[in-house]
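K.L.:
Below is the structure I would like to discuss, written out as structure tokens.
Every read-out reported here was derived from the displayed coordinates using simple, explicitly stated rules and does not represent laboratory data. Note that the structure is predicted; figures quoted are calculated from it, not measured. Quick reminder, even Gly has a Cβ in these numbers, built from the backbone with ideal geometry, and neighbours come from all protein chains shown.
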Amino acid sequence: MAISATTEWRIRTGGNDANGAAYDSAQSGVISTTLNGAITNSATSITVASASGWPSSGNYYARIGPVGAEGTDGLNEVVLVTGGQGTTTWTVTRGQLGTTGTAFASGVVVNNNLARCNTAAFSGTDGTSNASTTFTSASATFNATVVGNHLRLASGTNGTVGYYRITAFTDANTITLDRNCSTGAMTNGAWKIGGAAANISTSAIFNSSSAAGNKCVPGNIIYIRGAGSRLPSVADYTVTTEMYVVQGDTTNGDVTLWGEYGRPFITGNGRNYRGGGYTVSRSIIWSRTGAGGNAGNPLLDNFDFYDSVYNGTNQDVLGVGIMRFCIFSHIYGHTSKPSVAGTYALMAASTRNAITYGCLIENSRLDGVANSSVINSVVRNCLGNGVVISSGNADNARSLSGNVITNNDKHGIDISSFANMSWYTICNNLIANHSVAGKYGINSSVSVVTAQTAFTNNAFYNNTANYNNINAGPNDVVCTADPFTNAAGGDYTLNNTAGGGQALRDGGLPGQMPGLSTTDVYSPIGLLATPASGGGLLRHPGMSGGMNG
């Protein structure tokens with residue numbers, strides 16, 4: 001046995017890398033119930049739905065809060081049960097192991113996940129084992145709540161350092177691990193159970209260079225705790241060295257770095273993290289503060305991104321996966337362009353089919369996006385081009401569809417190699433405010449149109465010229481008035497002005513859905529359009545108006 005694909009890891013700024021740091025809810029013998037009645041943040045008596053599995057005597061820790069990622073409401077607490085053992089009414093001491101007393105509603109989960117706190121629940125320096133899965137400690141006070149949690153063995157004579165899942169509880173001094181933890185008769189083992197890790201750099205549990213048993217495996221989620229804000233201004237963690245993150249696989253799935261309790265803010269210099277494929281960043285803010293940066297030296301490489309933010313002072317992200325509902329902003333918190341040129345915000349290798357979906361890409365020191373499909377996104381305020389097309393082939397067909405591309409210093413879309421355009425679809429984009437002399441809405445290096453390219457139903461406003469070395473597409477629209485409700489305020493909904501947004505509200509593809517009885521389909525040109533009547537509104541991260549995306 002070994003670390004399983006269903007393991008969840010925890011990293012907190014108040015944690016310790018010697019802590020157990022992990023919990024596997026799929027392990028037989030884990031304990032879970034729910035609150036039977038709401039509690040205040042200071043109540044010392046709580047009622048649970050069932051006492052099954054919980055210790056019937058002795059003090060023990062229990063964790064209260066929803067499963068999965070902790071929200072900005074901070075609903076996570078460890079309590080110490082000091083009375084009522086064996087019954088469903090417990091006397092508890094609140095806010096244990098580095099957590100805070102919190103009010104909870106009835107029905108909230110109560111389980112034995114002891115990794116969701118700062119401090120280990122059990123620890124010792126007298127661990128023994130004899131090349132078997134049996135682990136003993138004469139000083140320990142183990143109980144049934146240890147099962148499913150992980151023991152971190154930090155050192156010991158003949159001990160093998162690593163994380164070990166606890167599969168069974170025998171008595172106060174003896175437990176069973178998922179595998180052998182020693183090469184012979186181990187003595188003086190230094191160990192901890194419970195508590196989160198703290199390091200996201202050299203010795204991080206997601207560092208691929210760590211030895212087996214000292215790192216996560218495909219399918220794992222590593223929850224990294226922030227400070228409660230979705231857009232913090234102060235870094236929570238600092239990266240000090242380049243790291244290759246453990247990659248997922250097609251059998252067990254992604255390795256996911258998932259921010260909780262707001263978005264954790266991670267900062268560092270140079271290239272920080274490189275994914276190996278099937279690697280996901282979710283709800284995390286990444287920031288580069290150091291010099292350097294080029295296509296071979298990105299902050300993040302080979303990741304999929306979801307609900308994440310990037311801001312920094314140079315290059316950036318070599319994205320070869322999927323970017324969804326993210327913010328890529330080089331001058332964090334600013335609404336104006338940077339003053340110093342740099343490199344791409346997002347760049348995909350020509351042989352990989354990257355997708356940028358529902359993202360805000362802004363304030364890049366050169367171009368916004370290169371060689372990626374870009375769908376339902378906003379690309380604005382870049383010193384270079386909004387979107388660059390320089391590669392593509394039959395195996396990597398790409399689409400630019402439903403985007404707002406506005407106010408970039410060079411071209412809205414720059415096609416530097418039209419020979420590769422045969423596998424691009426460009427439709428339903430609103431390209432505006434490229435008014436620097438010699439810059440265009442869409443620019444091509446050569447005047448060639450290829451039959452395979454679907455280039456149609458795009459709209460233009462306030463560009464020096466809308467096309468250069470390329471013909472207008474079928475059903476393109478040229479606005480004579482500002483189409484946006486309030487672009488300066490970040491509201492890119494279409495207004496109802498004649499000659500502006502009015503003509504774009506239903507000017508996109510498809511106008512009809514082939515093969516269906518529906519005679520008309522509402523398809524706007526651009527992004528964040530308000531339907532003619534009824535319907536919802538998507539607000540991208542970092543923008544105003546509508547519902548959250």
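K.L.:
Using DSSP to call loops (not H, G, I, E or B), can you name the chymotrypsin sites (Phe, Trp or Tyr not before Pro) in the range 27-134 whose Cβ has at most 16 other Cβ atoms within 10 angstrom? List each step's numbers first, then the result.
P.N.:
On the way: sites: Tyr60, Tyr61, Trp90, Phe104, Phe122; in loops: none.
Sites meeting the loop and neighbour criteria: none at all.
K.L.:
Need the full-extension length gain, Thr100 to Ala185, defined as separation in residues times 0.36 nm minus the C-alpha distance. One decimal, nm.
P.N.:
26.5 nm
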